[in-house]
Amino acid sequence: MNRFELTAAPVDLAAQREALKHPGSGGFCAFEGWVRNNNEGREVSGLEYEAYTELAIAEGERILAEAAERYGVLAASAVHRVGNLAIGDLAVWIGVSAPHRDEAFRACRYIIDEIKHRLPIWKKEHYLEGDTAWVACSHTERAHELEPPHAHGHHHHPHPSRADKFAPDYSRQVRLREVGEAGQRRLAEARVLVIGAGGLGVPVISYLAGAGVGTLGIVDGDVLDASNLHRQVMYDARDVGQRKVDLAARRVAQLNPAVEVITYEQPLHAGDITDVFAGYDLVVECTDDLASRYLANDAAVLTSTPLVLASVYQYEGQLQVVTAEPGEPCLRCLWPEPPAPALAGSCVESGVLGPVPGVLGTMQAMEALKLLLDLPRPAEHALQLVNLLDGTSQRLPIDASQGCAQHGGCVAVARRSLERAHAEGELERRFERLEEAIHAGYAIVDVREPDEIDATPLHVTSLRVPSGEISAYALVHLERPVLLVCASGRRSAHAARLLREQGVDAWSLAGGIAALMAS
Amino acid sequence: MTRVTLQYYAQLREQAGASSEQVSTTASTLRDLYAELQARHGFSLPVEALKVAVNKQFSDWNRLLAEGDTVVFIPPVAGG
């Protein structure tokens, strides 16, 4: 039997516990929430709970019933205090008895998470400085949403149980003549891959989930950093340190449980990207990495998957839609090769104002919906430049005949580039500092020319062998793996390939010196 | 001397310290013009890393400058 209570009086714990005794119980688990003396850095002297009583009790009973059904517990009760409480007072008590301990622990966790998340209870904190503030209690992580445990690779996130009860309402967009019920069905059937769940990815994921895109793939290898929050507004301070793909999947489940999410917790690479793209109707590239953008471009062209590209720099951004149809321009038609990473600039190095990726990401979401719904788009392909400081935007038409067409066409260029990226990927090692490579047992070989070395010397012990002479040195006798280093990673990759043929355990520093952390 | 309006994006805007400027130049082609500006503003990007547009159309670097042209230099940017 389950019971949920709100009370202004102290809780009789012995009586509560006694009421849960059951001959079939092999495990009892209780949780107590206490009033602590601080919250978010402020000293608290006490607090006051206020509830919408009828609704809180009804919802509390429902949570206990859900826990009983979900975990097969025998009895569960919960008591939540209302009114004034002092430091150390018990604010909430949960007790669960079950045949085995595992159900008891999990049900207890479920109940407290759901109470914090769903109950209409407000908390007013009294601070030592004398002021007070109402604090939302409904913000919490729910461990059960992460069940079952993650394995490596990519994950399907099943619809949470409440998806059955929530009916998405798309009426505001279905009302548009160009969308209608038919358009909504297209969205429900659509599969969209979003690469990068950061500044650009956040609005893309949010709007596509809200619009009811049936399946969203999300790729991101990073964990959330506090420095992301000014622009990645679907996360919050409590999420710092967690994997963005998990946070994004959870956010989509909360925003629109009808959307299925597939997460990829490693960046895509030349070896797997075309296979992944083949499973999607559309890709939106939202990383801050030029190499990723070029890789996505090549895979889009080779798999005929439309790709929406955007990138930002400080106060401005660029947007390009690659339709991946024959004769239509791609990213390499504009800039055949990416500039060295050090020259391109990133949010880390150059800085960015939060709304800038917000605007460009929102534009990407718009372009994605236009493609999925086949809405009118300008006939000519263009690079769109947006400057949010002076409020200007210009579309520069791209002449496909002046791009890859002069080098065999986008498909041939993409195939060559992907093959090269694949070969280089198998030769590369990534390090932020060369000391780490030395620590890992590598011998460092600087393959730059003497004048380059003089201009930017390495501050670690290294052999100096210009890349053109690499084959003449008997590096095979080193008996250690060799890490070759040049300015951008190109010459070192080439040299590593030559040395591999001689049987040397040779590797190339990915991105070259330009990719090392500035010391 | 040819009088042209220049627009800069991304790193070029930052290194030039302005998003646009008007200059009088003796350069005859866009390539020469960029070399001149590179010397003046210390632009770090090589010409191969850039796209150039004249009067709202992408252009070849060997195009000859004409009086009153609006020239835009555009690097690819990486941020996200």
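The values are calculated or read from the model by the stated rules, or taken from the named source; none is laboratory data. Remember, predicted model here, so these are calculated numbers, not experimental data. Reconstructed Cβ throughout: ideal geometry from the backbone, glycine too, with neighbour counts over all protein chains shown. Surface accessibility is based on the protein's heavy atoms, side chains included, excluding ligands, DNA and RNA. Shrake-Rupley method; radii C 1.70, N 1.55, O 1.52, S 1.80 Å.
Suppose we filter segment A:463-519 for residues that are open to solvent by less than 30 Å² (accessible area, probe 1.4 Å), under 16 Å from A:ILE453 (Cα atoms) and not aliphatic (A, V, I, L, M); how many remain? Looking only at that region, the number is 6. Counting only helices (runs of 4 or more DSSP H) that sit completely within segment A:344-460, those holding 1 or more residues that are touching a residue at least 40 places away in the same chain (Cβ under 8 Å) and over 29 Å from A:GLY212 (Cα atoms) correspond to A:347-350, A:410-425, A:434-439.
Of all residues in segment B:60-72, those satisfying the criterion of being surrounded by 18 or more Cβ atoms within 10 Å (Cβ to Cβ) and closer than 29 Å to A:ARG293 by Cα are B:VAL71, B:VAL72. Only a single criterion out of (1) open to solvent by less than 10 Å² (accessible area, probe 1.4 Å); (2) more than 8 Å from chain A (Cβ to nearest Cβ) is not satisfied by B:PRO75, namely (2).
Among the residues of segment A:10-20, not a single one is modelled with pLDDT under 90 and either exposed (fewer than 12 other Cβ atoms within 10 Å of the Cβ) or part of a loop (DSSP other than H, G, I, E, B) (or both).
Remark: A:ALA324 matches the filter, which requires a residue to be on the phi > 0 side of the Ramachandran plot and among the hydrophobic types (A, V, I, L, M, F, W, C). In segment B:3-18, of all residues being more than 9 Å from chain A (Cβ to nearest Cβ) and free of Cβ contacts under 8 Å to residues at least 40 places away in the same chain, the one that is surrounded by the most Cβ atoms within 10 Å (Cβ to Cβ) corresponds to B:ALA16. When restricted to residues that are at pLDDT 95 or above and within 11 Å of chain B (Cβ to nearest Cβ), segment A:399-413 contains 0.
In segment A:268-295, the residues that are at the interface with chain B (Cβ under 9 Å from one of its Cβ atoms) form no Cβ pair under 7 Å with any partner that is of a type in the set (Phe, Trp, Tyr) and surrounded by 19 or more Cβ atoms within 10 Å (Cβ to Cβ), whether six or more places apart or across chains.
I'm checking my understanding of the structure. Among residues of segment B:40-72 that are in a strand (DSSP E or B) and facing another protein chain (nearest Cβ under 7 Å), which one is nearest to A:GLN232 (Cα to Cα)? Ranking the candidates gives B:LYS51 first.
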